[in-house]
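Coordinate-derived values only; no laboratory data. Source: prediction; values computed, not measured. Cβ placement follows ideal geometry from the backbone for every residue including glycine, while neighbour counts extend to all protein chains displayed.
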Amino acid sequence: MTDLRLCFFAERQVGIGSVASVVRRIAEERSDLRLTWVDVTYDPPRGPALLPAGARGILRGIAQTGEGLARGPHDALFFLTHNPAVFRHGALRRIPTCLWTDVTPVQLDEQAEQYLHRRTRLPPLRALKQLAVRRTFRLARRCLGWSEWARRSFVRDYGIPEEKTGVVAPGVDLSAWQMPARPEPRAIPRLLFVGGDFARKGGRLLLDVFRDRLRGRAELDIVTRDAVADEAGVRVHRGLSAGSEPLRRLYREADAFVLPTFADCHSIASLEAMASGLPVVTTRVGANPEIVEAGETGFLVDAGDGASLAEALGTLVGDAGRARRMGACGRRRVERTFDARKTVERLVAEARTAAAVPADSI
C-alpha cells in the first residue's frame with residue numbers, strides 16, 4: 001500500500017481539541033501516512049485593528065490553512081471541523097477532501113441560547129452563510145459526522161446525498177483512560193461532574209438535586225472553570241486540563257459520572273467516564289443517546305428534569321452492584337465503539353476512499 005499524503009486541519013476548541021490531540025498522536029505512529037498537521041486556532045488575530053476581533057480571527061484561520069496547503073502536494077485533505085474549509089473552496093475543488101464534525105451550523109443554531117451562540121440575524125447574511133456551508137459540504141468527497149445525529153443533518157438540512165455521508169465516532173485513548181480495579185464499595189459513594197460551562201452542563205440543577213436528595217448519601221466532585229464554592233459533601237476542582245493525570249485520577253476514584261447538560265453535541269467527558277468504568281447519567285440531547293445505552297451503561301433523562309435525575313442518581317447510589325455492572329458494560333462499549341485507534345483506522349480509510357474519487361465526479 002502506497003503512503004497517503006494527508007493534510008489534516010484541526011480546530012483547537014476544548015472538546016474537539018482533546019479529540020484532535022489523540023488523533024494526531026496515533027496518526028503520527030502510522031507508517032502508511034505522510035502526515036501534514038495544521039492546528040487552526042484563529043489566534044493571534046490577523047488584519048487591521050479596526051476590524052472586529054472575529055473577522056481578524058477568521059483571517060488568521062485562512063492564513064493557517066493556507067500555510068498547510070502550501071506544504072503539499074497532498075493526496076487528500078481532512079478537516080476537523082468543516083469551519084476552516086468554508087473559505088477554501090478552491091482547494092476542495094482541486095484536492096479530495098473529507099469533512100468530520102460533531103455538529104452542523106443548523107444544529108448549533110438550535111442550541112444557540114444554551115451555548116450563548118449568536119445567530120446571524122440579518123436574513124441576507126444568514127442565507128449567505130447557509131449557502132457557503134452547503135457549498136462546502138457539496139464540494140467535499142465525504143461528509144462525516146461524529147454521530148448519526150450529525151450525519152442526518154447533512155442530508156436533511158443541506159441536501160447532501162446519503163451516499164456521500166457517513167459516521168466516524170470519536171475515540172478515547174484506552175491506554176490512558178483505564179478501568180481501575182476498584183476496592184469494595186464505599187459506604188459513601190462518590191459522584192463526578194466534569195463541565196467547563198457549569199450552567200450549560202447542568203451543574204446548578206445537579207447541585208439542587210444533591211442538596212435536596214443526596215447530601216449525606218453521596219459525595220460530589222465538580223470539575224469546572226466557573227466560580228463554584230465548596231460546600232458540605234461537595235469538592236470543586238478548577239484548573240485541570242483535558243486528559244491530565246489529576247483529572248484521570250478523579251475518574252478512577254469516582255463511583256458514577258453525572259452530566260445533566262442542557263445542550264451538547266457529543267459528550268467526550270461521558271466517553272472518558274465509560275472508559276474509566278463508570279456508569280453515566282446524562283441527558284437526551286445531541287448525540288448523547290448514541291453514547292449511553294439507557295439501562296445498560298447508565299441512564300438518560302430529559303434536560304432540566306430534576307426528579308428523573310434524582311431517581312437515576314439515587315438508583316446508582318443505593319445499588320453499588322448495579323453501578324459497577326453498568327460501569328463494566330460502559331468500558332466494553334468504549335472498547336467496541338469509541339476506541340481512538342479504531343477511529344484513526346476509519347479516518348485513514350475514509351481519506352483513501354476520498355482520494356480515489358475522480359475530481360470530475362463531484
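So the values come out like this:
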item: Search result, residues across the stretch 268-284 that are without any contact (Cβ under 8 Å) to a residue 60 or more places away in the chain and within 18 Å of P170 (Cβ to Cβ); result: S270, V280, T282
item: Subset of the stretch 282-299 that is under 14 Å from H266 (Cα atoms) and touching a strand residue (DSSP E or B) at 6+ places or on another chain (Cβ under 8 Å) - its residue that is surrounded by the fewest Cβ atoms within 10 Å (Cβ to Cβ); result: R284
item: Selected residue (criterion: nearest to G216 (Cα to Cα)) from residues of the stretch 314-335 that are in contact with a helix residue (DSSP H, G or I) (Cβ under 6 Å, 6 or more places away or on another chain) and crowded, with 24+ Cβ neighbours inside 10 Å; result: L316
item: Hey, F193 assigned to a strand (DSSP E or B), in contact with a helix residue (DSSP H, G or I) (Cβ under 9 Å, 6 or more places away or on another chain) and surrounded by 24 or more Cβ atoms within 10 Å (Cβ to Cβ) or not; result: yes
item: Residues of the stretch 57-75 satisfying the condition of being more than 23 Å from the chain's Cα centre (by Cα), crowded, with 19+ Cβ neighbours inside 10 Å and either free of Cβ contacts under 8 Å to residues at least 60 places away in the same chain or under 17 Å from F87 (Cα atoms) (or both); result: G68, L69
item: Residues that are within 15 Å of G66 (Cβ to Cβ) and hydroxyl-bearing (S, T, Y), drawn from the stretch 29-53; result: T36, T41, Y42
item: First in the stretch 23-44 and closer than 21 Å to E345 by Cα and touching a residue at least 60 places away in the same chain (Cβ under 8 Å), second anywhere and surrounded by 15 or more Cβ atoms within 10 Å (Cβ to Cβ) and of a type in the set (S, T, N, Q), Cβ under 9 Å, 6 or more apart; result: V23/T343; I26/T343
item: Subset of the stretch 29-66 (residues that are assigned to a strand (DSSP E or B) and of a type in the set (F, W, Y)); result: W37
item: Selection count, the stretch 208-227, where residues are within 29 Å of G17 (Cα to Cα) and surrounded by fewer than 19 Cβ atoms within 10 Å (Cβ to Cβ); result: 4
